[in-house]
Amino acid sequence: MRKKIVAGNWKMNKTVPEGEELAGQVAAGVSSVPAGVKLIIAPPFTHLSCVRKAIAGSGIGLCAQNCADHEKGAYTGEVSAKMLSSVNVEYVILGHSERREYYGETHEKLVKKIELALEQGLSPIYCVGEKLEEREAGKHFEVVDSQIREVLFTLSPEQMSRVIVAYEPVWAIGTGKTATSSQAQEIHAHIRKTLAGKFGALAEEISILYGGSCKPSNAKELFACEDIDGGLIGGASLVADEFLAIARSF
């Protein structure tokens, strides 16, 4: 059975006190989530320690939104995978479209980040997805295949078994647009098939999450799809009731 996962990416939102309050609200409501569904919270770096305390004992996983592509050194403003591990972070989001677009993250950088994260015991949530013009040009399969092959195909099967994949149609992030359940299922199935070409039966065990304006009103339909194992949630993760409602959609 693949893990069912609902991960909340807070992005650059909430002050530390606000984040502590939100995390506490999610932790207080976790008992309403079906057994077998894993909740993960990804606050900004500044919030990690206090959020960890707020969710202690709840079973909620703690995630960072990024890590450096270097182990240590003179890289002002960066945070290493080892630093994250030292505050008991369990997961890290890598390859998010916003990091690719705004900060020029390349496949080469992402390979290094994933390797360093895995070395420190972190489970990467690796994001793939196409822009609107790529979808309209019919290149969405090609784009996603490249993002998988050039990064994940560098891993061993043991390493890959610790990776979560998140498909995020870039045109649906924060826009209110959502891929239809049939569009989402089609590309999730394609991603699994691509992974199977390299990793064989292991592909059936890898959780693939949908990210892109997933909310309580559409989560149930999306999560009912055979190859969609949960969601990487943006805006709706900033409201505890909405985030928990999405998790209850399984």
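The values are calculated or read from the model by the stated rules, or taken from the named source; none is laboratory data. What you see is a predicted model; the values in this text were computed from it and never measured. Heads up, the Cβs are rebuilt from the backbone with ideal geometry, glycines too, and the neighbour counts pull from every protein chain shown.
Brief remarks follow.
- The number of residues in segment 29-39 being surrounded by 15 or more Cβ atoms within 10 Å (Cβ to Cβ) and more than 15 Å from ALA56 (Cβ to Cβ) comes to 4.
- With respect to the conditions (1) surrounded by fewer than 20 Cβ atoms within 10 Å (Cβ to Cβ); (2) touching a Lys or Arg at 6+ places or on another chain (Cβ under 7 Å); (3) aliphatic (A, V, I, L, M), VAL79 falls short on a single one, namely (2).
- Pair list, Cβ under 9 Å, 6 or more apart: segment 96-109 residue surrounded by 12 or more Cβ atoms within 10 Å (Cβ to Cβ), other residue among the hydroxyl-bearing types (Ser, Thr, Tyr): ARG100/THR106; HIS107/SER146
- Residue within segment 32-39 that is over 19 Å from the mean Cα position of the chain (by Cα), in a helix (DSSP H, G or I) and farther than 15 Å from LEU238 by Cβ present: yes
- Inter-residue pairs, beta-carbon under 7 Å, first closer than 24 Å to TYR210 by Cβ and without any contact (Cβ under 8 Å) to a residue 24 or more places away in the chain and in segment 7-27, second buried (at least 22 other Cβ atoms within 10 Å of the Cβ) and of a type in the set (Gly, Ala, Ser), 6+ apart: none
- Residues in segment 3-28 that are exposed (fewer than 15 other Cβ atoms within 10 Å of the Cβ) and not in a helix (DSSP H, G or I): LYS3, MET12, THR15.
- For SER161, the test of being of a type in the set (Ser, Thr, Tyr), within 21 Å of SER207 (Cα to Cα) and exposed (fewer than 15 other Cβ atoms within 10 Å of the Cβ) is passed.
- Flag for LEU152 being surrounded by 15 or more Cβ atoms within 10 Å (Cβ to Cβ) and out of contact with any Asp or Glu (no Cβ under 9 Å at 6 or more places or on another chain): yes
- Count of residues meeting criterion [under 19 Å from the mean Cα position of the chain (by Cα) and either of a type in the set (Gly, Ala, Ser) or modelled with pLDDT under 95 (or both)] in segment 40-61: 3
- Filter result (closer than 22 Å to VAL128 by Cα, hydroxyl-bearing (Ser, Thr, Tyr) and assigned to a helix (DSSP H, G or I)) within segment 59-105: SER97, TYR102, TYR103
- Boolean, GLU115 is out of contact with any Leu (no Cβ under 9 Å at 6 or more places or on another chain) and either in a helix (DSSP H, G or I) or within 24 Å of TRP10 (Cα to Cα) (or both): no
- Of all residues in segment 176-228, those satisfying the criterion of being part of a loop (DSSP other than H, G, I, E, B), surrounded by 15 or more Cβ atoms within 10 Å (Cβ to Cβ), at pLDDT below 95 and among the polar types (S, T, N, Q) are THR178, SER213.
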